[in-house]
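Undergrad: Have a look at this one before I ask anything.
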């Protein structure tokens with residue numbers, strides 16, 4: 001059986017690896033990432049967080065602040081930012097629940113109107129409609145239970161990640177010299193400069209990743225706001241940018257952020273077409289963000305082509321769910337940095353690149 005090539009061998013060797021060896025490595029890495037995601041997801045977020053905070057901590061340490069104190073201050077501000085996002089999420093929910101009674105009456109009126117329309121147009125009596133509705137609810141009971149169970153599991157998993165990420169981040173930042181030294185010892189001494197360059201450029205790549213994400217949020221916020229303004233929703237820029245910021249929480253964020261504009265539009269105009277317009281605006285913005293804006297804004301800064309970005313979003317979603325769709329983009333940037341400096345991986349480097357340096 002052909003042995004799996006390891007990372008030190010890939011970097012130091014000039015051998016060209018066969019397709020079978022590369023496929024074996026991909027399968028092995030995929031299995032390891034999938035079954036170890038409970039550990040790797042918070043660890044990956046922590047590594048990303050520590051790379052972002054490292055320049056801040058280093059700057060504070062040069063000003064004479066203790067290492068532990070500088071790490072604590074940095075994590076404190078990150079916690080404040082995360083708390084602000086959670087506050088926006090909770091505020092949206094509270095506003096929605098405050099409008100629930102009025103929304104409930106509107107919903108009952110809409111259901112009644114739909115029932116009358118069905119009776120007049122198709123001749124289906126109220127009793128048959130009620131029986132059909134009851135059967136549908138009974139059949140969907142098991143699915144609703146499964147959905148609640150999965151939601152509860154996801155919330156508990158997210159709570160675990162929120163607890164572990166600050167701890168891992170603090171430990172990585174505090175022991176960064178020890179971890180770097182251990183990494184240098186894995187490779188030959190003559191490769192120390194190459195490994196140092198990869199570490200520095202990795203931090204730079206993450207910084208570019210964050211800048212790209214800010215651009216994404218701005219563009220999506222503008223698209224949401226303009227779309228809401230066109231259909232006449234009150235406070236379009238408020239709703240549009242709140243929805244943009246909350247897209248940091250995949251799937252759940254956009255659904256919760258849409259509740260308030262949907263409620264306001266329904267109450268204001270007393271028509272179901274305006275809530276449907278809000279859903280359409282947010283859906284179009286999300287599709288553009290996922291498949292055009294995000295790959296272009298983030299991929300161009302990481303010097304990775306758009307096709308690879310989209311593939312990594314899909315692979316990350318398969319292996320790690322929503323977290324993988326965020327984390328696998330920085331991962332592939334690290335692979336690109338390693339491939340750029342490894343003669344045996346030159347083909348992979350060209351495949352992942354944006355083609356700016358390639359002449360045909």
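Undergrad: Which count do you get for residues in the range 41-77 that are touching a residue at least 40 places away in the same chain (Cβ under 8 Å) and closer than 27 Å to residue 333 by Cα?
TA: 19
Undergrad: Additional query: Identify the residue in the range 227-249 that is buried (at least 16 other Cβ atoms within 10 Å of the Cβ) and assigned to a loop (DSSP other than H, G, I, E, B) and, among all such residues, is modelled with the lowest pLDDT.
TA: The selected residue is 249.
Undergrad: OK, next. For the range 263-286, give me each residue that is under 16 Å from residue 225 (Cα atoms) and modelled with pLDDT under 85.
TA: 264, 265, 286
Undergrad: Further question on the same structure: Quick check on residue 217: is it assigned to a helix (DSSP H, G or I), at pLDDT below 75 and in contact with a helix residue (DSSP H, G or I) (Cβ under 9 Å, 6 or more places away or on another chain)?
TA: Answer is no for this residue.
The values are calculated or read from the model by the stated rules, or taken from the named source; none is laboratory data. Since the model is a prediction, treat every value here as computed from it, not as a measurement. As a convention, Cβ positions derive from the backbone with ideal geometry for all residues, glycine included, and neighbour counts pool all protein chains shown.
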